[in-house]
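What follows is a short report on a single structure.
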Amino acid sequence: GIEQIRMGMGSFISLDNVYKMNFDKYEGVYTIALNKKSVPNSFIKPQGKYLCGYQKGKWDKLPALYQQMLDYAHGNNLQLTDYAYEVGLNDFVISDEADYITKIMIKINENSWLYSSCIVYTLLYQDTGECRIMKAYNKKA
């Protein structure tokens, strides 16, 4: 019903395509489940730690944010795995696509060198092209 639509939709793309900067082929779309009932052929995003980035503006800026996130992961010995998940955070409250906010989540491999005590950073890609650390929190495994 309408409640499901209000939850919004997201998309996911293979990490292989992200590394190749090939954003022409996404693996699928998803929506947040309203209940915990198991549905045939459903996909559940794995639990774990995720490197998250936020971008304000048009979707054509996403490759730059992805590159910032990949560079950050490489520089901090974080191995990424699985898929990159994208979701719009304010789909239903904006009238200008320049105000659109996209959240990107990429799973951090448990076997990463710093995984057990790593600090997970949230990055914001601004219209100026800068990538700044907006908040950081320590989560022990």
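Of the residues screened, Tyr125 is not one that is touching a strand residue (DSSP E or B) at 6+ places or on another chain (Cβ under 6 Å) and at pLDDT 70 or above. Within segment 32-63, the set of residues being exposed (fewer than 15 other Cβ atoms within 10 Å of the Cβ), in a loop (DSSP other than H, G, I, E, B) and either at positive phi or among the aromatic types (Phe, Trp, Tyr) (or both) comprises Asn41, Phe43, Gly48. Selection of segment 4-31 for residues being open to solvent by less than 80 Å² (accessible area, probe 1.4 Å) and at pLDDT below 75 yields Gln4, Gly8.
The selection criterion, being assigned to a strand (DSSP E or B) and among the aliphatic types (A, V, I, L, M), holds for Ile13. With the structure loaded, tell me whether Tyr66 is assigned to a helix (DSSP H, G or I), hydroxyl-bearing (Ser, Thr, Tyr) and in contact with a strand residue (DSSP E or B) (Cβ under 9 Å, 6 or more places away or on another chain) or whether it fails that test. When the stated conditions are applied, Tyr66 passes them.
Taking the listed residues Tyr100, Tyr137, the one that is open to solvent by 50 Å² or more (accessible area, probe 1.4 Å) and either in contact with a helix residue (DSSP H, G or I) (Cβ under 8 Å, 6 or more places away or on another chain) or at pLDDT below 50 (or both) is Tyr137, with no other qualifying.
Within the bounds of segment 23-31, is there any residue that is within 15 Å of the chain's Cα centre (by Cα), of a type in the set (A, V, I, L, M, F, W, C) and not in a loop (DSSP other than H, G, I, E, B)? Taking every residue of segment 23-31 in turn, at least one turns out to be within 15 Å of the chain's Cα centre (by Cα), of a type in the set (A, V, I, L, M, F, W, C) and not in a loop (DSSP other than H, G, I, E, B). Restricting segment 42-100 to residues that are acidic (Asp, Glu) and free of Cβ contacts under 8 Å to residues at least 40 places away in the same chain, the residue that is nearest to Ile13 (Cα to Cα) is Asp60.
The values are calculated or read from the model by the stated rules, or taken from the named source; none is laboratory data. Keep in mind that this is a model prediction, so the values were computed, not measured. Counting neighbours? That spans all protein chains shown, and the Cβs are built from the backbone with ideal geometry, glycine included. For accessibility, only protein heavy atoms count, side chains too; no ligands or nucleic acids. Shrake-Rupley method; radii C 1.70, N 1.55, O 1.52, S 1.80 Å.
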